[in-house]
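Since the structure comes first, as structure tokens, the remarks are kept for the end.
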Amino acid sequence: MRTLSYLLIGIIFGITMFKSEAASWFRIYEMFRFESFHMYGIIGSALLVGIVLVQLIKRVPIKSFYGEPIEFTPKDKSFSRYMYGGIVFGLGWALAGACPGPMFTLVGAGYIPILIVIFSAILGTFVYGLLKDKLPH
Amino acid sequence: MNWIYEPWPWYVSGPLIAFIMFLLLMVGKNFGMSSNLRTMCTICGADKSAEFFKFDWKKQRWNLIVVLGAIIGGFIGSHLLSLDTSVAITENTIADLKSLGFDSAGSAYLPTELYGISQLTDLKSLAVLILGGFFVGFGARYAGGCTSGHAISGLSNLQIPSLIAVIGFFIGGLVMIHFLFPLIF
């Protein structure tokens, strides 16, 4: 049952990523050139609704569908890891035109070369794991 | 019902993404896609090489199922819910991309100059895809999250670290598009 719920959520996510064109390299390029409102509209409205929903969960004693309390893990306080890591991510996001969610959506859409991007992203994650202690966090 | 075959407008897509995050919270999980890349490293045996990969990956199996769903969703979105997948970006962007050699701008979902199947034998395209993917994977883990984990989940929870990360995403993206693209393409 739980497995099925994760699968269904993933399917809705995949369809939304494809149909919103957030999985399109062209949309990412256009966003970074500030030439269309589309991507800003998506992220902005997602955030607006997201903030309301998160506040609602925090203020109303709401439990998960399985009766468990809903927990939020605050992010560790730091500046350098978020800024440096963010910049590296942004360079890759603009170049490959795909972030870690849409990458998988594009596999389903049938774009074979995206597998190279996914493989390299796994490799990048691996190299980060090797260098973690040497990097400023 | 014809609208469903058209590209979905931002005011439908954005709230849907928030709804997906909400659904994941309601099943007791957090929205974050890049952590799957770490899980995949561990499954491939990376726990033998670095402490960072030593964790019980089975606890992350739910997220891999979300990934499987995202793949199926991509198939449904492109093959069953779309008649024409070309992305109508603005004329300015199209003109600009054509000047960089991206002739497929305005008539495709992904640039055939990078993602066409024939590009698999093109060294430059391969280098772009490999480098792009590598930075995404490295950067996402370094920053502790990607667009879903920071820009959506983190910012929705008003986390300052996520704001710093998102500012970083944009600095990197802007540098790539405005300064590095003219050198690469």
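Where a number appears in this text, it was derived from the coordinates with a stated rule and is not lab data. If you're wondering where the values come from, they're calculated on a predicted model, not measured in any experiment. So basically every Cβ, Gly included, is an ideal-geometry build from the backbone, and we count neighbours across all protein chains shown.
Calculate how steeply helix B:61-75 sits against the longest principal axis of the alpha-carbon atoms of chain B, using the helix alpha-carbon long axis, and give the answer as 0 to 90 degrees to the nearest 10.
20 degrees
By a straight-distance test (C-alpha under 20 Å), which lysines pair with A:K134 as possible cross-link partners, with residues fewer than eight away in the same chain excluded?
Result set, ordered by chain and number: A:K77, B:K48, B:K54.
Can you grab the distance from the C-alpha centre of the stretch B:77-119 to the C-alpha centre of the stretch B:26-62, Å, no decimals?
33 Å
Which residues in the stretch A:1-37 have a backbone N closer than 12 Å to a point placed 7 Å from the Cα of A:Y66 along the Cα-to-Cβ line?
So the set is A:1-6.
So how do B:I171, A:I43 line up by other beta-carbon neighbours within 10 Å, fewest first?
The order, fewest Cβ neighbours first, is B:I171, A:I43.
Could you calculate the FRET efficiency of A:L115 with B:F179 from 1/(1 + (r/R0)^6), where r is the beta carbon distance between them and R0 is 25 Å, rounded to 0.05?
For R0 = 25 Å, the calculated efficiency reads 0.30.
How big is D for the stretch B:1-83, in µm² s⁻¹ as a whole number, if Stokes-Einstein is applied with the Kirkwood radius of its Cα pairs at 10 °C and 1.306 mPa s?
106 µm²/s
So which lysines can A:K63 reach, going by Cα to Cα under 26 Å and dropping same-chain residues fewer than 8 places off?
A:K75, B:K29, B:K58, B:K59
Measure nothing but the geometry: give the 0 to 90° angle between the long axis through the Cα atoms of B:160-175 and the longest principal axis through the Cα atoms of chain B, rounded to 10°.
30 degrees
Semi-axes of the equivalent ellipsoid of the stretch B:1-158: what are they in whole Å, largest first, if each equals the square root of 5 times a C-alpha gyration tensor eigenvalue?
30, 24, 15
Suppose we take every Cα in the protein assembly as shown and form the convex hull; what volume per residue is that in Å³?
Taking the convex hull of the Cα positions in the protein assembly as shown, it is 129 Å³ per residue.
For chain B, set up a GNM with springs between Cα atoms under 10 Å and report which of B:L24, B:L16, B:L114 has the largest fluctuation.
B:L16
I'd like the distance separating the alpha-carbon centroids of the stretch A:36-67 and the stretch A:1-35, in whole Å.
If we compute the Cα centre of each part, the gap is 16 Å.
Between the helical axis of B:10-26 and the dominant principal axis of chain B, each derived from Cα atoms, what acute angle in degrees is found, rounded to the nearest 10?
Helix B:10-26 sits roughly 10 degrees off the main axis of chain B.
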